[in-house]
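Asks: Have a look at this one before I ask anything.
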Amino acid sequence: MDWECCWSRDEIAPEECPYIGEGEEDLYGSQRRRVVEKCIECPRFKNDLTRLKGAGDPLADVLPFILTEYLEQKAQMGSMLGFLNSRTSEIKFLREVSLVLQTSIDLDEVLSIAMTAITAGKGFGMNRALLLMTDKERRNIRGYLGVGPKDYEEAWRTWDDIGRRNFTLKELAKNFQKTGLNSEKEKFHDILGQLTVPLADHGHIFNRALHGKKPILVENALNNPDLDRGLARILGVDCFLVMPLISRNRRIGVIIADNCITHKPITLQDMQSLETFAFPVAFALERASLYERLQEEVAKQKAANLKLREQQELIAKMEKMALVGKITSSIAHSIRNPLMVIGGFARTLLKGSAENDEKRSYLESIVRETRQLEDVLSEVLDYSESLFPVMDFWDLNELITTSLVDLAGTLEQSGTICLSELSPELPMVRIDYKQISYCLKTIISTALASMEQGGELRVESLLDGDGVLLRISDSGNSLSEKAQEALTAPFFQTQEMGAGVGLSLCKTILERQGNSLSIVGRAGGGNVYSIRLLTRKENL
Amino acid sequence: MAKLLIVDDEANIRLLYAQELSDEGYEVVTASSALEAVEKLEGSSFDLVVLDIKLKNESGIELLQRIVKDRHGLPVILCTAFSCYKDDFSAWLADGYVVKSSDMQELKDEIKRVLAKKQIKV
């Protein structure tokens, strides 16, 4: 019999079968493969079978059953293969994402990978994903991050952009972390803000998903009696998926995923795939959150260590202070007492001596020199104390007022009018109260010395940038440059200022604490002493 | 006439105090140690005590605490070579604080101020 189809021949020529295409040339020489792959579905083969039946061949009745069964099996195999391929690529994708998630401890990186994987076409391809996380107090579940386009226009622009760049998922996530994370948080701020739900609200769909440890696919949300319609209105979709994130029985949060732009139905397979994905995400989120908390604790520990070190330094300093204190005490005791006796008795003798007694001038010398020695001793002891300031925040105006009250008698005796102008809105200054009080009193004493006939003394406090200015102005004789030099050199002597360490000590004290002292002699008479004090803690 | 008790372990300083404060019209009694001071306080009544902080092997501050406790209302002025105790809270119990100086005017003024506060006539 002459057959229409080539099924009976070992080898055929190319023009004999129109169904063999390019790349399938090896079928020309392989009868077995040709029959299985081509002839079985060829119309010519069906004609040949009809002819066979016409010829009364009994096989012609049986062969169609076998062929139909074979084709059905083949289609089923094809479908299973497609399913297996899709699962294989999904597993491959999950493995890739899980590997990245396993190695990441940065919360932002974990979030970027997770949210990109859900929304990217190369991932699960959902239009939008919203992440809600349990708060630190474990009282509420709160909107944390949203990813996806808000409208068609943005969707088209984003997807077109992603399509053109052909990024891998990892690159997409990295890019998102770098440029999109904050803007997406901002973009979904209004929606996220409305998604706070107490964990105690057991009937809420989020808590139901968390409690059941299973995703919930919500369909027909606006008319679903089991669902709060408000949620559907906030989300603006009728169909969405609520995916619980649970790690070792800890409720980490939920992911809401939907197709708000394309309105493509969410399939059971989408749900299963996302469920598989939720495990590594929850674990990674928990680990990253724990790491973040650990970092916070480490920072606290570091701060505590720093504080401890400061305290240790302070103790060491106090030990030194105690030593210096002992030395200065010893000096004070062993010098001041004899000086008091010498000078005191000289004064007693001077009081009792006759006006014309020639020994009177000797006694006067003893009194004067003793007094000077006592002054120098006081200044040396003050200097020793100034080596170890006790810094704290103080109200400068209170310090000025107290110092002026202490000096009230001296000011009155000198016939000086004292005016104070204190700014009411000064920040606290970080100073050693005693030392700054000493500086102010020393400057006022110096100012009074320059106003032999009395005059006007003005004490002002005012804000000066990031510091506070304490300004003392007198109406006495302007100090010469030489006198101003005395500031920097202890025991430097000038006619105007006498000898001593007073102002130089003030300058040393102030500069050591990061503050400053300047003196300006005004052309028309008078001097301005300016102390600038820092308000920050950074000063020494 | 106000009666003062001077407590100082330096004989010359006690002598100087006695001289200067007698000239001011006070009746002056001196003691060289805390023990002697307590004995004298028990034996007689005083209007004011001028007390040194560093006594030989004793603390003037402890004596101050004892006076405040046992003789409530008896004013005490600390007169010492150390300026640092002025800000020490243990010295706050005293009614006055003067750093020792060959010019005793400050001490005299302080005695007058404290006695006036206690309304004791010189």
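Asks: Helix-derived [θ] at 222 nm for the protein assembly as shown: sum -39500 (n - 2.57) over DSSP H runs of at least 4, divide by residue count, nearest 500?
Replies: Details: 21 runs with 334 residues, N = 662.
After summing the helix terms and dividing by the residues of the protein assembly as shown, the value is -16500 deg cm²/dmol.
Asks: For Cα pairs less than 8 Å apart in space and 6+ apart in sequence, what is the mean separation divided by the residue count of chain A, i.e. the relative contact order in percent?
Replies: Numbers: 706 pairs, mean separation 44.7, N = 540.
Across chain A, relative contact order equals 8 percent.
Asks: Any chance you could run the full-extension gain for A:Asn223 through A:Glu186? It's 0.36 nm times the residue separation minus the Cα-Cα distance, nm to one decimal. Numbers along the way, then the final one.
Replies: Numbers: separation 37, 0.36 × 37 = 13.32 nm, distance 3.03 nm.
Computed gain between A:Asn223 and A:Glu186 is 10.3 nm.
Asks: Mind checking the mean number of beta-carbon atoms from other chains within 10 Å of the Cβ atoms in A:323-333? All intermediate terms of the calculation are to be shown ahead of the outcome.
Replies: Values: counts 0, 0, 2, 0, 0, 3, 6, 1, 1, 8, 8.
So the per-residue partner count for this stretch is 3.
Asks: Also, I was wondering about something else. Rounding to the nearest 10 and keeping the result within 0 to 90°, find how far the Cα-based axis of helix A:433-449 lies from the longest principal axis of chain A.
Replies: Helix A:433-449 sits at roughly 40 degrees to that axis.
Asks: Relative to the first principal axis of the alpha-carbon coordinates of chain A, what is the inclination of helix A:43-54, with its axis defined by its Cα atoms, in degrees from 0 to 90 and to the nearest 10?
Replies: The answer is roughly 30 degrees.
Asks: Any chance you could run the full-extension gain for A:Thr196 through A:Val376? It's 0.36 nm times the residue separation minus the Cα-Cα distance, nm to one decimal. Provide the component values of the computation, followed by the final result.
Replies: Details: separation 180, 0.36 × 180 = 64.80 nm, distance 7.27 nm.
Net length gain for the segment: 57.5 nm.
Asks: Moving to a separate point now. Please state the shape class of the protein assembly as shown: rounded when a/c is under 1.5, otherwise prolate if a/b exceeds b/c and oblate if not, all from the C-alpha gyration tensor.
Replies: On the way: a/c = 4.61, a/b = 3.74, b/c = 1.23.
Taking the square roots of the gyration eigenvalues as a ≥ b ≥ c, the protein assembly as shown is prolate.
Asks: Using 0.36 nm per residue, how much length does the chain from A:Thr103 to A:Thr276 gain when fully extended, once their Cα-Cα distance is taken away?
Replies: Working: separation 173, 0.36 × 173 = 62.28 nm, distance 1.83 nm.
Using 0.36 nm per residue and subtracting the Cα-Cα distance, I get 60.4 nm.
Asks: Can you sort A:Ser475, A:Ser420 by how many other beta carbons sit within 10 Å, fewest first? List each step's numbers first, then the result.
Replies: Numbers: A:Ser475 20, A:Ser420 14.
So the ranking, lowest neighbour count to highest, is A:Ser420, A:Ser475.
Asks: For A:367-375, what's the mean count of beta carbons from other chains sitting within 10 Å of each residue's beta carbon? Each step should come with its number before you reach the end.
Replies: Details: counts 2, 0, 0, 3, 3, 0, 1, 5, 1.
Across the residues of A:367-375, the mean count of other-chain Cβ atoms within 10 Å is 2.
Asks: OK, next. With the crude spin-label approximation of a point 7 Å out along Cα→Cβ, what separation in nm comes out for A:Arg44 versus B:Lys108?
Replies: The two pseudo-label positions are separated by 14.5 nm.
Asks: How high is the FRET efficiency between A:Ala303 and A:Lys351 when r is their beta carbon distance and R₀ equals 60 Å, given to the nearest 0.05? Before the final figure, lay out the partial values.
Replies: Details: r = 64 Å, r/R0 = 1.07.
Step by step, r from the Cβ atoms, then E = 0.40.
Asks: Continuing with the same structure: When Cβ neighbours within 10 Å are restricted to other protein chains, what is their mean count per residue of peptide B:8-19?
Replies: On the way: counts 1, 1, 5, 1, 7, 5, 0, 4, 8, 2, 0, 5.
Partner-chain Cβ atoms within 10 Å, mean over residues of B:8-19: 3.
Asks: What is the stretch A:250-370 by shape, rounded, prolate or oblate, if you read a ≥ b ≥ c off the alpha carbon gyration tensor as root eigenvalues and call it rounded for a/c under 1.5, prolate for a/b larger than b/c, and oblate otherwise?
Replies: On the way: a/c = 12.76, a/b = 5.47, b/c = 2.33.
Note, shape of the stretch A:250-370 comes out prolate.
Asks: Cα to Cα, under 25 Å, and not fewer than 8 places away if on the same chain: which lysines meet these conditions relative to B:Lys112?
Replies: Result set, ordered by chain and number: A:Lys351, A:Lys441, B:Lys3, B:Lys40, B:Lys54, B:Lys69, B:Lys86, B:Lys100, B:Lys121.
Asks: Okay, moving on. Could you tell me the calculated FRET efficiency between A:Arg33 and A:Lys92, based on Cβ-Cβ distance and R0 = 30 angstrom, to the nearest 0.05? Can you show the working numbers first?
Replies: Details: r = 31 Å, r/R0 = 1.02.
Plugging the Cβ-Cβ distance into 1/(1 + (r/R0)^6) gives 0.45.
Asks: Treating only the Cβ of Lys, Arg, Asp and Glu as charged (+1, +1, -1, -1), what charge dipole size does the protein assembly as shown show about its Cα centre? Round to the nearest 20 debye.
Replies: Computed charge dipole of the protein assembly as shown: roughly 1200 debye.
Asks: Right, here's the next one. What is the order of A:Arg251, A:Arg34, fewest Cβ neighbours within 10 Å to most?
Replies: Working: A:Arg251 22, A:Arg34 26.
So the residues, fewest neighbours to most, are A:Arg251, A:Arg34.
Asks: How much net charge surrounds B:Ser101 when only the other residues with a Cβ under 13 Å from the Cβ of B:Ser101 are counted, with Lys and Arg +1 and Asp and Glu -1? Intermediate values should be presented prior to the final figure.
Replies: Details: positive: A:Arg336, A:Arg347, A:Arg371, B:Lys100, B:Lys108; negative: A:Glu374, A:Asp375, B:Glu20, B:Asp103, B:Glu106, B:Asp109, B:Glu110.
So the surrounding residues net to -2.
Asks: Let me ask something else about it. Would you work out the relative contact order for chain B, in percent, from Cα pairs under 8 angstrom that are 6 or more residues apart? Working shown, then result.
Replies: Values: 190 pairs, mean separation 28.7, N = 122.
Once normalised by length, the contact order is 24 percent.
Asks: Can you give the Kirkwood hydrodynamic radius of the stretch A:95-220 from its Cα pairs, in Å with one decimal? List each step's numbers first, then the result.
Replies: On the way: mean 1/r = 0.0633 Å⁻¹.
Here the Kirkwood hydrodynamic radius works out to 15.8 Å.
Asks: For A:Ser247, what residues show an amide H to amide H distance below 5 Å, using hydrogens built from the backbone and excluding near sequence neighbours?
Replies: For A:Ser247, the qualifying residues are A:Ile252.
Asks: On C-alpha positions alone, give me the angle between the axis of helix A:396-406 and the longest principal axis of chain A, in degrees, nearest 10.
Replies: That works out to roughly 10 degrees.
Asks: Cβ under 15 Å from A:Asn223's Cβ, A:Asn223 left aside: what net charge do those residues give with Lys, Arg +1 and Asp, Glu -1? If you can, show how the numbers build up before the last one.
Replies: Numbers: positive: A:Arg229, A:Arg233; negative: A:Glu219, A:Asp226, A:Asp228, A:Asp238.
Net charge in that neighbourhood comes out at -2.
Asks: Once the other residues with Cβ under 13 Å from the Cβ of A:Arg32 are scored (Lys, Arg +1; Asp, Glu -1), what is the net sum? It would help to have the intermediate numbers written out before the result.
Replies: Numbers: positive: A:Arg9, A:Arg33, A:Arg34, A:Lys38; negative: A:Asp10, A:Glu11, A:Asp26, A:Glu37.
Result for the neighbourhood of A:Arg32: 0.
Asks: Would you order B:Trp92, A:Trp7 from fewest to most other beta-carbon atoms within 10 Å of each residue's own beta-carbon?
Replies: Working: B:Trp92 10, A:Trp7 19.
Placing the least packed residue first, the sequence is B:Trp92, A:Trp7.
Asks: What shape does chain B take by its C-alpha gyration tensor, where a ≥ b ≥ c are the square roots of the eigenvalues and a/c under 1.5 counts as rounded, a/b above b/c as prolate, and the rest as oblate?
Replies: Values: a/c = 1.16, a/b = 1.10, b/c = 1.06.
It is rounded, given that a/c, with a ≥ b ≥ c, falls under 1.5.
Asks: Another question, then. What are the trypsin sites (Lys or Arg not before Pro) within the stretch A:92-171 that DSSP puts in a loop, where the Cβ has at most 13 other Cβ atoms within 10 Å?
Replies: Details: sites: A:Lys92, A:Arg95, A:Lys122, A:Arg128, A:Lys136, A:Arg138, A:Arg139, A:Arg142, A:Lys150, A:Arg157, A:Arg164, A:Arg165, A:Lys170; in loops: A:Lys122, A:Lys136, A:Arg138, A:Arg139, A:Lys150.
In loop regions of the stretch A:92-171 (DSSP not H, G, I, E or B), the sparsely surrounded trypsin sites (Lys or Arg not before Pro) are A:Lys136, A:Arg138, A:Arg139.
Asks: Of A:Leu71, A:Gly23, A:Ala55, which is farthest along the charge dipole of the stretch A:14-88 in the positive direction, counting Lys and Arg as +1 and Asp and Glu as -1 at C-beta?
Replies: My answer, from the dipole projection, is A:Leu71.
Asks: If you count the DSSP beta bridges with both ends in chain A, what percent of them are antiparallel, to the nearest 5? Mind showing how you got there, number by number?
Replies: Values: 50 of 57 bridges.
Taking every DSSP beta bridge within chain A, about 90 percent pair in antiparallel fashion.
Asks: Averaging sequence separations of C-alpha pairs under 8 Å and six or more residues apart, then dividing by the length of the stretch A:90-292, give the relative contact order as a whole percent.
Replies: Numbers: 325 pairs, mean separation 55.0, N = 203.
Contact order relative to length: 27 percent.
We did not get these values from a lab; they are worked out from the coordinates using the rules stated. Keep in mind that what you see is a predicted model, and the values were worked out from it rather than measured. Positions of Cβ are backbone-derived with ideal geometry, glycine not excepted, and every protein chain shown enters the neighbour counts.
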